[in-house]
1. Restricting to the stretch 146-180, name every residue that is within 23 Å of PHE31 (Cβ to Cβ) and of a type in the set (Phe, Trp, Tyr).
2. Show me the strands (runs of 3 or more DSSP E) entirely contained within the stretch 1-70 in which 1 or more residues are of a type in the set (Gly, Ala, Ser) and not assigned by the TED database to the domain that holds ILE410.
3. Select the helices (runs of 4 or more DSSP H) contained entirely in the stretch 164-237, then report the ones holding at least 3 residues which are under 23 Å from LEU41 (Cβ atoms) and open to solvent by 10 Å² or more (accessible area, probe 1.4 Å).
4. Would you confirm whether any residue within the stretch 364-378 is surrounded by 15 or more Cβ atoms within 10 Å (Cβ to Cβ) and free of Cβ contacts under 8 Å to residues at least 12 places away in the same chain?
5. So is PHE127 under 22 Å from the mean Cα position of the chain (by Cα), in the same structural domain as PRO78 (by the TED database), under 19 Å from VAL394 (Cα atoms) and hydrophobic (A, V, I, L, M, F, W, C) or not?
6. Which of the residues that make up the stretch 311-331 are closer than 24 Å to THR273 by Cβ and either part of a strand (DSSP E or B) or in contact with a Leu (Cβ under 7 Å, 6 or more places away or on another chain) (or both)?
7. As an exercise: evaluate MET42 against (1) closer than 22 Å to ALA181 by Cβ; (2) modelled with pLDDT of 95 or more and give the number of the one condition it does not meet.
8. Take the residues in the stretch 404-443 that are among the hydrophobic types (A, V, I, L, M, F, W, C) and modelled with pLDDT of 85 or more; name whichever of them is surrounded by the most Cβ atoms within 10 Å (Cβ to Cβ).
Amino acid sequence: MASSEMVHVLEHCRIAPPPGSVDGKSLSLTFFDLPWLHFPLMKLFFFYEFSHPKTYFVETIIPRLKHSLSLTLKHFFPLSGNLIFPLDCSIPEIRYKDGDSVSLTFVEGSFDFDHLSGNHQRNDIDFHPLAVQMSPASTTFGPLIVPLLAIQVTLFPNSGICIGFTFHHIAGDANTFVRFARSWASINKLGGDATLVESLILPFYDRTVVKDPIGLRSTFWNYFGKVKFEGCQSQLSTNNVRAKFLLRRAEVQRLKKWVIPQIPKQSHVSAFTVICAYVWSCMIKARSRSGEDVGENELEHFAFTADCRTLLDPPIPVAYFGNCLMGGLATTKSTRLIQEDGFIVAAKSIREAIHERVRNKGGVLKGVQQWVSDLKSLNRMRMAAVVGSPRFQVYNVDFGFGRPKKYEVISRDRYFTLDGCKDNEEDFEIGLCFPRLKWMPLRRSLPMASRLIPVYNNKDNDIVRKNKMKIVNDIVTINIVANFYLIMYYE
């Protein structure tokens, strides 16, 4: 098991944009940003195979990463800045001034790279040494100052590298983060930012494009601003395990074929709908069959968010820097989800929620002013959620080491992640995190069964191979009592 004693700090530094390259600037928070004010810090990891010794890493890789990060921050300067809470208790803003910087730490780890970058069951605590701690919010007789980003690069000599990010969601959504990570990787690989500039995919910062005719910003601030800011620090669980599974395109097509006849006029059903319905219904079934007492009329909720950049009227640039998400919610009774047709029920519910939010004739923001009151009324112990989207193509983030061996997101426990597959973009990776004793494959076939097969690396050890669950006619169902807030999905 990895521990902090197994990490040796090679260098700690702070990286700023090149001197004089960026003037001091401020970004106001929009109503898209405010719901993420108190959200726990996101922790994201890219694992790369790296067969070089420590000397090469120190003499070549560290200087290159430092230089390329500085060039990247010239274009993504708000990440060098801070979230500033004014003394007059007005709405905070993101502020960058010349000299602001990002914490960057290089460490050497003596633990097993193949274990951490695998897809078998791993303890959450094993990731603790890879998760750099964000500097705490600070104030010295002035405004509260909150950093937005910290980075740690961990070397596993002759084995691999892990680039870990601790990221404040108030700075931006997954679209913004992945654009930053991809830009840094490209600059590091190519040795400069000329290609980034020439490609015209630079961040778009003009916040006046976000129209707010009904005063959502004030509505959201009146709610979220009343909550004391605690710094958003998140702790990795010491009791949970996580693993990843592969859902192949052919299996997704099978799921669709079961759902389509149940929907009027044979209308379109997305892969996202059936995948989330499948996992959600499995979670509820497992919880019920574990003996948990659930009331007959208990409601279950599945939350998702939609990227609104292209859905607003008029649309805003896809490179808009910040948050531009709007949430949707599927709700149905527990008793319906635990039936044999629970998957169909879940798929219908999720599809209807997507159409209500994303394809609403009144626009994606219709009824949003009621969102705060709706959130208050929800039993969050009955809320499930998903993180990620295959559309981000995270396995194309190449720093010059080749494609990532593994991408892992750790923010809140008891959720599932959805990403594209490294080896085949038409397949899907599903990540699950839950208490070890709650991992329960149900040894019986269900009518909606589709194979859900764990993804395993060739280097997995014999112990892992003995424990892997290859289900052919059975469903792997997961007992997770979900407790979620908001999530990132882009339909």
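The values are calculated or read from the model by the stated rules, or taken from the named source; none is laboratory data. It should be emphasised that the depicted structure is a prediction, and the values quoted were computed from it without experimental measurement. As a convention, Cβ positions derive from the backbone with ideal geometry for all residues, glycine included, and neighbour counts pool all protein chains shown. Protein only, heavy atoms only, side chains kept; ligands, DNA and RNA dropped before computing areas. Shrake-Rupley method; radii C 1.70, N 1.55, O 1.52, S 1.80 Å.
1. PHE167, PHE177, PHE180
2. Strands (runs of 3 or more DSSP E) meeting the threshold: 25-28.
3. 174-190
4. yes
5. Spelling it out, it is not the case that PHE127 is under 22 Å from the mean Cα position of the chain (by Cα), in the same structural domain as PRO78 (by the TED database), under 19 Å from VAL394 (Cα atoms) and hydrophobic (A, V, I, L, M, F, W, C).
6. Once the filter is applied, which keeps residues that are closer than 24 Å to THR273 by Cβ and either part of a strand (DSSP E or B) or in contact with a Leu (Cβ under 7 Å, 6 or more places away or on another chain) (or both), the stretch 311-331 yields LEU325, MET326, GLY327, GLY328, LEU329, ALA330, THR331.
7. (2)
8. Looking at the filtered set, the residue picked out is PHE416.
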